[in-house]
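Engineer: Below is the structure I would like to discuss, written out as structure tokens.
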Amino acid sequence: MDESQDGGRPKAPRVPEYLDRIAPYEAGKPMEELERELGISDSIKLASNENPLGPSPKAVAAATAALSRLHRYPDSSGHVITERLAQKFGCRPANIVLGNGSDEIIQMLATVFLSEGDEAVMSEPCFLMYPIATASEGALAVRVPLTGLALDLSGMVRAINGRTRMVFVNTPLNPTGALVSKSDMDAFLADIPEGVLVVLDEAYVEFVRDRDGLNGLSYLGRDPRVVVLRTFSKIYWLAGLRLGYGFMDEGIASYLNRIRIPFNTNLVAQEAALAALSDDEYVAETLRTVHEGLDFLYAGLDGLGFPYHRSEANFFLVDVSPRDGREVFNALLREGVIVRAMNSYGMPRFIRVSVGRPEENRRFLASFAKVMGGGGRG
Ligand SMILES: *Cc1c(COP(=O)(O)O)cnc(C)c1O
């Protein structure tokens with residue numbers, strides 16, 4: 001018997017060293033547990049950029065109907081939903097890949113394009129999935145700080161070298177809500193060397209009001225380096241079902257489909273998403289709620305004299321300086337208002353607030369004023 005066996009118990013096999021560079025993901029506590037700990041019962045969650053209205057009744061009905069078929073495997077390639085997406089967005093089904101959330105598409109892209117020693121360029125801060133997927137392939141995440149809370153696209157171009165295989169561009173940007181304009185994106189693409197994949201993450205694109213905002217689908221068929229990611233998690237209220245979709249060059253899509261886990265998107269998600277895609281009324285109501293909510297929150301903070309940053313998404317940053325974001329987060333938590341502290345994003349003077357329903361927005365403003373000690377610096 002060899003000495004690695006301690007008292008007859010063998011050691012677990014070793015994993016590649018590069019996996020030690022990934023910090024374990026810190027998930028927020030479930031609301032029920034927080035409420036139990038704090039002894040409150042009516043907390044509101046404005047922390048995860050979810051849709052404030054809840055799922056569309058049509059999507060819920062479709063999901064419920066799908067439950068009677070749970071003994072069946074789903075359609076592995078999501079044929080029907082893919083056809084419907086192709087029709088809606090004017091492309092071919094072969095340009096579309098479905099994922100268990102767009103998170104999974106990010107992981108599939110990393111698996112296809114990155115190997116040990118490669119590099120992927122992304123902002124600091126950025127969506128946590130980009131560095132996780134990059135590190136999971138043994139590649140290096142090269143981080144480029146934001147300038148004025150927006151992506152520094154020229155800095156990202158300068159960070160590209162011979163080892164770079166991917167660049168992540170997120171617009172509107174989580175967590176700041178900043179946009180990349182069409183002209184800036186065109187200039188950026190002109191500077192990107194051939195052989196580098198540009199992942200354009202448009203998880204919040206439907207919320208954009210600014211007409212200079214980008215529509216990544218305009219690159220489809222024209223520039224095979226661009227992959228556009230969208231999701232059913234935000235505007236379509238289905239975060240809990242996990243369904244994302246990506247538009248890309250057919251050749252790239254075929255590689256993703258080779259490594260895709262069969263049945264990666266589930267039956268209920270596919271059915272609910274189909275219904276969601278035809279519920280235009282509820283999408284319109286969501287947009288109205290979010291846009292009116294944002295304007296109400298801006299006006300409320302203006303009135304109180306607290307600074308914030310305007311956003312093109314369904315969340316925005318509130319500047320709590322000189323206070324610490326985590327401290328303000330904890331104080332709001334005791335009021336039953338859950339927001340997101342930005343400390344782990346390297347922005348310790350900010351909290352991120354997702355827009356809620358009118359009564360939730362009012363409650364946030366009242367609790368925020370209380371926690372911050374009445375008036376701001378206005
Ligand atoms: C929420 C979000 C997504 C979508 O994630 P899903 O896996 O589709 O739920 C993608 N990118 C960003 C930046 C996000 O904030």
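The values are calculated or read from the model by the stated rules, or taken from the named source; none is laboratory data. What you see is a predicted model; the values in this text were computed from it and never measured. Quick reminder, even Gly has a Cβ in these numbers, built from the backbone with ideal geometry, and neighbours come from all protein chains shown.
Engineer: Of all residues in the range 349-378, how many are part of a loop (DSSP other than H, G, I, E, B) and either of a type in the set (A, V, I, L, M) or at pLDDT 95 or above (or both)?
Structural biologist: Result for the range 349-378: 5.
Engineer: Please count how many residues of the range 150-177 are within 15 Å of the ligand (Cβ to nearest atom) and surrounded by fewer than 23 Cβ atoms within 10 Å (Cβ to Cβ).
Structural biologist: Count: 2.
Engineer: Here is a follow-up. Any residue in the range 250-273 that is over 29 Å from K58 (Cβ atoms) sitting within a Cβ distance under 6 Å of a residue that is among the hydroxyl-bearing types (S, T, Y) and surrounded by fewer than 20 Cβ atoms within 10 Å (Cβ to Cβ)? List the pairs, counting only those 6 or more apart or interchain.
Structural biologist: Pairs found: I259/T111.
Engineer: OK, next. Search the range 75-95 for residues that are at positive phi and pair each with any residue that is at pLDDT 95 or above and surrounded by 14 or more Cβ atoms within 10 Å (Cβ to Cβ) when their beta-carbon atoms are under 6 Å apart and the residues are at least 6 apart or on different chains.
Structural biologist: Partner pairs satisfying both residue conditions: G78/L98; G78/T265; G78/Q270.
Engineer: In the range 213-232, is there at least one residue being within 16 Å of the ligand (Cβ to nearest atom), farther than 19 Å from T171 by Cα and not aromatic (F, W, Y)?
Structural biologist: no
Engineer: Filter the range 83-107 down to the residues that are part of a helix (DSSP H, G or I) and within 16 Å of the ligand (Cβ to nearest atom) and list them by number.
Structural biologist: Correct list: L85, S102, D103, E104, I105, I106, Q107.
Engineer: When you check L189 against the structure, is it out of contact with any helix residue (DSSP H, G or I) (no Cβ under 6 Å at 6 or more places or on another chain) and modelled with pLDDT under 95, yes or no?
Structural biologist: no
Engineer: Let me ask something else about it. For the range 30-53, what are the residues that are under 23 Å from the mean Cα position of the chain (by Cα) and surrounded by 13 or more Cβ atoms within 10 Å (Cβ to Cβ)?
Structural biologist: Within the range 30-53, M31, I44, K45, L46, A47, S48, N49, E50, N51, P52, L53 qualify.
Let's see how each residue does on (1) surrounded by fewer than 17 Cβ atoms within 10 Å (Cβ to Cβ); (2) touching a strand residue (DSSP E or B) at 6+ places or on another chain (Cβ under 7 Å); (3) among the hydroxyl-bearing types (S, T, Y):
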residue	(1), (2), (3)
N215	yes, no, no
P224	yes, no, no
R230	no, yes, no
Y236	no, no, yes
I259	yes, no, no
D279	no, no, no
V283	no, no, no
T286	no, no, yes
V290	no, no, no
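Engineer: Would you be able to say whether some residue in the range 59-82 is loosely packed, with under 13 Cβ neighbours inside 10 Å and within 16 Å of the ligand (Cβ to nearest atom)?
Structural biologist: There is no residue in the range 59-82 that is loosely packed, with under 13 Cβ neighbours inside 10 Å and within 16 Å of the ligand (Cβ to nearest atom).
Engineer: May I pose another question? Identify the residue in the range 70-82 that is among the hydrophobic types (A, V, I, L, M, F, W, C) and not in a loop (DSSP other than H, G, I, E, B) and, among all such residues, is nearest to Q270 (Cα to Cα).
Structural biologist: Looking at the filtered set, the residue picked out is I81.
Engineer: Moving to a separate point now. Against the definition (in a helix (DSSP H, G or I), in contact with a helix residue (DSSP H, G or I) (Cβ under 8 Å, 6 or more places away or on another chain) and surrounded by fewer than 22 Cβ atoms within 10 Å (Cβ to Cβ)), how does S344 come out, yes or no?
Structural biologist: no
Engineer: In the range 132-143, how many are within 16 Å of the ligand (Cβ to nearest atom) and crowded, with 19+ Cβ neighbours inside 10 Å?
Structural biologist: Of the residues in the range 132-143, 3 are within 16 Å of the ligand (Cβ to nearest atom) and crowded, with 19+ Cβ neighbours inside 10 Å.
Engineer: Since V205 meets every condition but one in (1) surrounded by fewer than 23 Cβ atoms within 10 Å (Cβ to Cβ); (2) within 16 Å of the ligand (Cβ to nearest atom); (3) at pLDDT 95 or above, which condition does it not meet?
Structural biologist: Going through (1) surrounded by fewer than 23 Cβ atoms within 10 Å (Cβ to Cβ); (2) within 16 Å of the ligand (Cβ to nearest atom); (3) at pLDDT 95 or above one by one, V205 breaks only (1).
Engineer: Here's a follow-up. Pull up the range 263-285, narrow it to residues that are among the polar types (S, T, N, Q) and assigned to a loop (DSSP other than H, G, I, E, B), then point me to the one that is nearest to T64 (Cα to Cα).
Structural biologist: Applying the filter and picking the extreme gives N266.
Engineer: Report every pair of residues separated by at least 6 positions or lying on different chains whose Cβ atoms are under 7 Å apart, first residue within the range 19-48 and under 24 Å from A133 (Cα atoms), second within 16 Å of the ligand (Cβ to nearest atom) and assigned to a strand (DSSP E or B).
Structural biologist: So the pair list comes out as A47/R340; A47/S354; S48/S354.
Engineer: Could you pull out the residue among Y255, Y245 that is in a helix (DSSP H, G or I), among the aromatic types (F, W, Y) and modelled with pLDDT of 95 or more?
Structural biologist: Only one candidate qualifies: Y255.
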